[in-house]
Amino acid sequence: FSMSTPGYNGKGKAAMMEYTLNGSKALGYNPFVGMGLNFKAKEGQAFDMTGSTGVSFWMKSDSKVYLEFETTEITDACDFYYYFDQTYPEWTLIELSWSDFEQYSWGTQVDWDLSKLTKCQWKVQEPDGESGKVWVDEVKILGVALDLPEIVTKTELYSTIGDANDLLESATIGTLDGNYPASAASTFTEAIAAAQAVADHFGKGNIVYINVLNNISIDCDCDAHPHAPEIQDIGIVASTDPIACDRAAYDLIYQVKKDDNNNPDPLKQRIERQHGIHIVEHGEKIGMGTSNYKLVSLDK
């Protein structure tokens with residue numbers, strides 16, 4: 001493969017493999033070609049991705065593609081894979097949950113263990129004579145839990161953490177789509193506890209929460225290379241109720257119509273894949289506010 005220009009956003013470079021497949025008679029099966037990467041400098045070493053939820057990347061392809069992941073337990077190339085049963089003539093953002101992957105059935109079966117991932121590759125396997133190109137750009141591992149610093153030792157904070165831990169008993173912790181990994185559950189608990197402690201300290205009605213809905217991208221502000229904004233100016237939402245403020249912002253995004261200037265679909269897909277509304281629903285459940293609200297316009 002080679003690095004070709006431009007990348008998905010018209011800038012930089014993207015990884016590209018060009019191929020013409022032959023050799024099925026000698027192999028006894030359809031020939032294949034692939035490009036990929038090791039997760040550590042030394043091939044075969046595990047990279048621990050515990051706490052992550054999936055993978056995203058931009059792809060353009062002339063053929064149907066397999067995305068394969070290998071772990072330290074796999075010794076016969078019987079990898080975990082996802083098969084794209086269509087071609088992608090234009091750059092397309094792909095987002096996959098780890099639960100979308102399954103292992104090939106022809107080899108030794110092993111557990112899907114995120115702590116033992118070693119490498120991945122994009123593969124094309126077709127009959128003799130198939131030729132084309134595949135481009136891949138901006139590969140990201142999604143949902144990696146943060147190693148948060150210790151929270152300040154205030155009495156009300158410890159009390160709130162205890163309450164939050166009790167509430168987590170109703171959550172499903174695991175590796176399936178929609179489940180919470182153990183590390184994410186811990187991080188989630190601490191984040192809620194910290195927010196609740198601050199709200200309790202100042203008292204309800206003494207804090208104003210603001211959401212600026214302008215030039216909205218699917219990526220976080222902390223991303224060094226975020227995707228270009230796809231939703232233009234909606235407005236600014238403010239409230240002394242954090243749950244009402246977030247719920248209103250969520251509803252306004254879902255009301256945006258797709259047109260020449262706005263494409264809300266990628267953001268809506270990201271919200272639904274990451275279960276973004278859950279924090280609003282849970283915040284209401286533990287008494288941080290209400291999702292019932294009335295929009296009052298200040299434009300006039």
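The values are calculated or read from the model by the stated rules, or taken from the named source; none is laboratory data. Values in this document were obtained by computation on a predicted structure and should not be read as measured data. Counting neighbours? That spans all protein chains shown, and the Cβs are built from the backbone with ideal geometry, glycine included.
Filtering VAL33, VAL55 for residues that are in contact (Cβ under 8 Å) with a residue 60 or more places away in the chain, more than 21 Å from LEU117 (Cβ to Cβ) and β-branched (Val, Ile, Thr) leaves a single hit, VAL33. Tell me whether the range 79-102 contains one or more residues that are closer than 18 Å to ASN38 by Cβ and polar (S, T, N, Q). Looking for residues that are closer than 18 Å to ASN38 by Cβ and polar (S, T, N, Q), one finds none in the range 79-102, hence no. Selection of helices (runs of 4 or more DSSP H) fully inside the range 240-298 by the criterion of at least 3 residues being within 18 Å of ILE210 (Cα to Cα) and touching a Leu at 6+ places or on another chain (Cβ under 8 Å) returns 242-254. Screening the candidates TRP106, TRP91, TRP98, TRP112 for the property of being surrounded by fewer than 18 Cβ atoms within 10 Å (Cβ to Cβ), touching a residue at least 40 places away in the same chain (Cβ under 8 Å) and either in contact with a Cys (Cβ under 9 Å, 6 or more places away or on another chain) or under 24 Å from HIS225 (Cα atoms) (or both) yields one hit, TRP91.
Listed here are the residues, each with its yes/no results for (1) among the acidic types (Asp, Glu); (2) at negative phi; (3) surrounded by fewer than 13 Cβ atoms within 10 Å (Cβ to Cβ); (4) modelled with pLDDT of 85 or more.
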position	(1), (2), (3), (4)
TYR250	no, yes, no, yes
ILE253	no, yes, no, yes
ASP259	yes, yes, yes, yes
LYS268	no, yes, no, yes
GLY283	no, yes, no, no
SER291	no, yes, no, yes
LYS300	no, yes, yes, no
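Could you tell me whether the range 244-256 includes any residue that is of a type in the set (Lys, Arg) and over 26 Å from ILE286 (Cβ atoms)? No, every residue in the range 244-256 fails to be of a type in the set (Lys, Arg) and over 26 Å from ILE286 (Cβ atoms).
Against the test of being buried (at least 18 other Cβ atoms within 10 Å of the Cβ) and charged (D, E, K, R), the options ASP48, ASP85, ASP79 yield a single qualifying residue, ASP79.
Looking across the range 88-122, just one residue is in a strand (DSSP E or B) and among the basic types (Lys, Arg), and that is LYS119. Listed conditions (1) surrounded by 12 or more Cβ atoms within 10 Å (Cβ to Cβ); (2) free of Cβ contacts under 8 Å to residues at least 60 places away in the same chain; (3) touching a Lys or Arg at 6+ places or on another chain (Cβ under 6 Å) are all met by THR5, apart from (1). The number of residues in the range 53-87 that are within 26 Å of ASN9 (Cα to Cα), in a loop (DSSP other than H, G, I, E, B) and small (Gly, Ala, Ser) comes to 1.
Does ILE74 count as of a type in the set (A, V, I, L, M), surrounded by 13 or more Cβ atoms within 10 Å (Cβ to Cβ) and touching a strand residue (DSSP E or B) at 6+ places or on another chain (Cβ under 7 Å)? Criteria not met by ILE74. Within the range 90-112, being under 23 Å from LYS60 (Cα atoms) and hydrophobic (A, V, I, L, M, F, W, C) holds for TRP91, LEU93, ILE94, LEU96, TRP98, PHE101.
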